[in-house]
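Data block below; observations after.
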Amino acid sequence: MAAAHRLLLGGLGLALLAVAATAATAAGVRPAAAVVGKKTAVVSLRELDGWGAARQQDRPSGRRYADAKRAEMLGERKKAGEARQTATIVLELKHHSLAAIPDDPASRDAYLRRILAADEARANALQLQKSTRVSTQSSASSSAEIPLTSGIRYQTLNYVTTIGLGSGAAANLTVIVDTGSDLTWVQCKPCSSCYAQRDPLFDPAGSATYAAVRCNASACAASLKAATGVPGSCATTAGAAEKCYYALGYGDGSFSRGVLATDTLALGGAARLDGFVFGCGLSNRGLFGGAAGLMGLGRTELSLVSQTSSRYGGAFSYCLPATAAGDTSGSLSLGGDASSYRNKTPIAYTRMIADPAQPPFYFLNITGAAVGGKTVTASGLGAGNVLIDSGTVITRLTPSVYTAVRAEFARQFGGYGYREAAGFSILDTCYDLSGHDEVKVPLLTLTMEGGAEVEVDAAGMLFVVRKDGSQVCLAMAGLPYEDQTPIVGNYQQKNKRVVYDTVGARIGFADEDCSFV
């Protein structure tokens, strides 16, 4: 079994509904967990935003778990009696939010509209990528800049972790985790144009193991083109040896450009990876939320998953927390050692689908759906590739599937007596829940190819627009056209252990409490 490497993630700021917990009383009573039915959940709305107390389900064991993991952070835990040792190394992170959601209703409204507009931009760019890549492959031009979006347009869309880079005292750098990108990159000195970041810029001159990739290396041509859509370019500066330069363009006009290089990568504790290929960004622009760069977890040769496959077996998983409270973290595991998970249900697997036209992405096939236990039918179910993405927030369904899901949700939710409210941005199914202490929420169950069932957590069903509960929306949206690619976003992946096994070509799902305090 490949060694597993576990990293704790902090969710960047997003208006989340802490639907799995009740608010603490003035006397300090611990919030109660959601009451879960067979296909529905009764949840408290006393605390309307996920910025408050973390989910308290199984908190005592969670605390013991976190304490045990902290003790292992600087070393490796070895399992005795195994033919092959498995190391689990833990890195704990705090919430990496740069902005709180405004309390003023007008400011909050504008803030949330920007969040959803950014998510819509990413979803649209992902739809464009397939046609762009296909046309690029059939064109004689090899220098077209492909609009690869990375989920980094706003700091609210993604999750972050910290890596170490360089020899000696490695620089600790906070990077955005993205399954829809391949090349890992960070901002570097001397930066000709850099955006503001929290961490110091990485200084290649301070690392004895840093080296620029040569132009004749395979990483500069075929590998870089597969990862970014654009092959590297060659240049020399000030009499130095020829270097390979990369250029990443994003759909919103953001970009990262710099030297393709290698250095020592540290992923916590004693785990160090020599010769890791990454982008040393010298000119970067965009609203990256103060992160130092991006960690690419895609499928091509330059992704972190592929570069570490000999060590971690080409497998990784994550668990995204349901709350954005500053003292909570989720987790990312590199490797297939399931003993580091805390899943409450067995991992159910479905086939991982590859699309040659979109090599970085992970696809699966959704064959069925049910709302509150009631099966829905739609022509779009089982029709083809569905993208699962850590960088898109709101799940997008084809028109036929979304119409069926929305209708059944509205029938059941409206039947409980909740009043309808105006839509908000891309969310068109909203309710006025003011005056309700608790609400009963029908849960969406997705059936994957092969029979695996994934029940969306209650935290992934509702998006709170107004703090008083007068506008709470179904946290899903429809695509404009039936032939577009559906996307399972991170909002619907919360409190799930999502396992990516690239060697076995399968994706797994299990229920797990993902908030560690």
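The values are calculated or read from the model by the stated rules, or taken from the named source; none is laboratory data. These figures come from a predicted structure and were not determined experimentally. Glycine also receives a Cβ, built like all others from the backbone with ideal geometry; neighbour counts cover every protein chain displayed. Note: accessible area is taken over every heavy atom of the protein model, side chains too, but ligands, DNA and RNA are not part of it. Shrake-Rupley method; radii C 1.70, N 1.55, O 1.52, S 1.80 Å.
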5 angstrom amide H check on residue 453, placed H, neighbours 5+ away: 448
3J(HN,Hα) from dihedral phi, the range 414-428, Karplus parametrisation 6.51/-1.76/1.60, rounded to Hz, x for glycine, proline: x, x, 7, x, 7, 7, 6, 9, 5, x, 9, 6, 7, 9, 10
Karplus (6.51, -1.76, 1.60) ³J(HN,Hα), θ = phi - 60°, over the range 188-201, in Hz, Gly and Pro reported as x: 10, 7, x, 8, 6, 7, 10, 7, 6, 9, 6, 7, x, 4
Accessible surface, the range 378-466, averaged per residue in Å² (probe 1.4 Å): 33
Calculated Rg and Dmax of the range 454-503 using C-alpha coordinates, Å: 14.1, 48
Which of 494, 243 is most accessible, then next, and so on - probe 1.4 Å: 243, 494
Whole-percent carbon and sulfur share, accessible surface of the range 332-450, 1.4 Å: 51
Karplus-derived HN-Hα couplings along the range 480-495 (A = 6.51, B = -1.76, C = 1.60, θ = phi - 60°), whole Hz, x at Gly and Pro: x, 10, 5, 8, 7, 8, x, 9, 8, x, 6, 4, 8, 9, 5, 6
Residues with amide H under 5 Å from that of residue 289, placed H, sequence gap 5 or more: 155
Contour minus Cα-Cα distance for residue 416 and residue 403 (0.36 nm per residue): 2.7 nm
10 Å binning of all Cα-Cα separations within the range 284-416, expressed as whole percents from 0 upward: 9, 27, 35, 23, 5, 0
Extension gain, residue 203 back to residue 482 (0.36 nm per residue minus Cα-Cα distance, nm): 95.6 nm
Coil-residue chymotrypsin sites (Phe, Trp or Tyr not before Pro) of the range 393-484, DSSP, other Cβ within 10 Å capped at 10: 481
Approximate spin-label separation residue 196-residue 42, in nm, with each point projected 7 Å along Cα-to-Cβ: 4.8
